[in-house]
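Visitor: Okay, handing you the structure first.
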Amino acid sequence: MKFRTLFLLFILGATAGFSALNWDAFVTPTTLSVGVTDVQAPIGVIMLGVVSFLTAYFLVFVIYVQASALFDSRRHAQELQANRELADKAEASRFTELRSFITTELQQLARQRENAGSSATDNSATLARLDRVEKELLGAVEQSASNLAATLGTIEDRLERTERALLPAATTRS
């Protein structure tokens, strides 16, 4: 128990003990003035009644405050739960939105990869064509080189024949 509660119980016990020990003095009638008139009554019993009334009043007040706090706590807990559910729904919608965004982005990435794959096939076909053209070009260059060599050989042969034909005539003239 809390110190306040123990202290309150101690005070109430001390008052009850004091009243029990001095009960004869408490019930002895005395002349009391109530403002307008005088009355014969036991002042101890009246004071004990006032203390009992105040104790009961404060006990009811404490129960009322505790009940109000309990109801407020329940209401706040319900509001907190409702806000928590609302936040969870908002979080779930954000996750759904994120999931759809990621799905869209992944689909675009797949399309780009597909296009890159088809352009890679286009690129490989282009490279194959270029290789074929290069081989044909090399073949044509080699053929041209051999034709040129053959033509040069023929020209050389003609020159040699012409030179031989001219040389005996030149040697004869000299």
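Visitor: Once you list every other residue whose beta carbon is under 11 Å from the beta carbon of Gln107, what net charge do they have if Lys and Arg are +1 and Asp and Glu are -1?
Guide: Combined, the nearby Lys, Arg, Asp and Glu give 0.
Visitor: Pick out which of Arg84, Arg164, Arg132 has the largest mean-square fluctuation in a Gaussian network model of the chain, springs linking Cα atoms closer than 10 Å.
Guide: Its mean-square fluctuation being the largest, the pick is Arg164.
Visitor: Can I ask one more? Could you list the residues of segment 29-48 with an amide nitrogen less than 15 Å from a label point located 7 Å from the Cα of Ala56 in the Cα-to-C-beta direction?
Guide: 46-48
Visitor: How far is helix 3-21 tilted, in degrees, relative to the longest principal axis of the Cα atoms in the chain, given as a value from 0 to 90 rounded to the nearest 10?
Guide: Once rounded, the angle reads 10 degrees.
Visitor: Further, regarding this structure: Classify segment 28-130: rounded, prolate or oblate, from the alpha-carbon gyration tensor (a ≥ b ≥ c, eigenvalue square roots; a/c under 1.5 rounded; otherwise prolate if a/b is larger than b/c)?
Guide: Verdict is prolate for segment 28-130.
Visitor: When all alpha-carbon pairs of segment 77-121 are counted, what percent fall beyond 14 Å?
Guide: Here the long-distance tail beyond 14 Å is 66 percent of all Cα pairs in segment 77-121.
Visitor: Among [x] 2.02; [y] 0.97; [z] 1.04, which one is Rg/Rh (Cα atoms, Kirkwood Rh) computed from these coordinates?
Guide: Calculated Rg/Rh (Cα atoms, Kirkwood Rh): the matching label is [x].
Visitor: Mind checking the angle between helix 43-173 and the chain's longest principal axis? C-alpha axes, 0 to 90 degrees, to the nearest 10.
Guide: On a 0 to 90 degree scale, this one is about 0.
Laboratory data are not the source of any read-out in this text; all were calculated from the coordinates shown. Here the structure is a predicted model, which is why all the values come from computation and not from measurement. Using ideal geometry, Cβ is built from the backbone for each residue, glycine included, and neighbour counts are taken over all protein chains shown.
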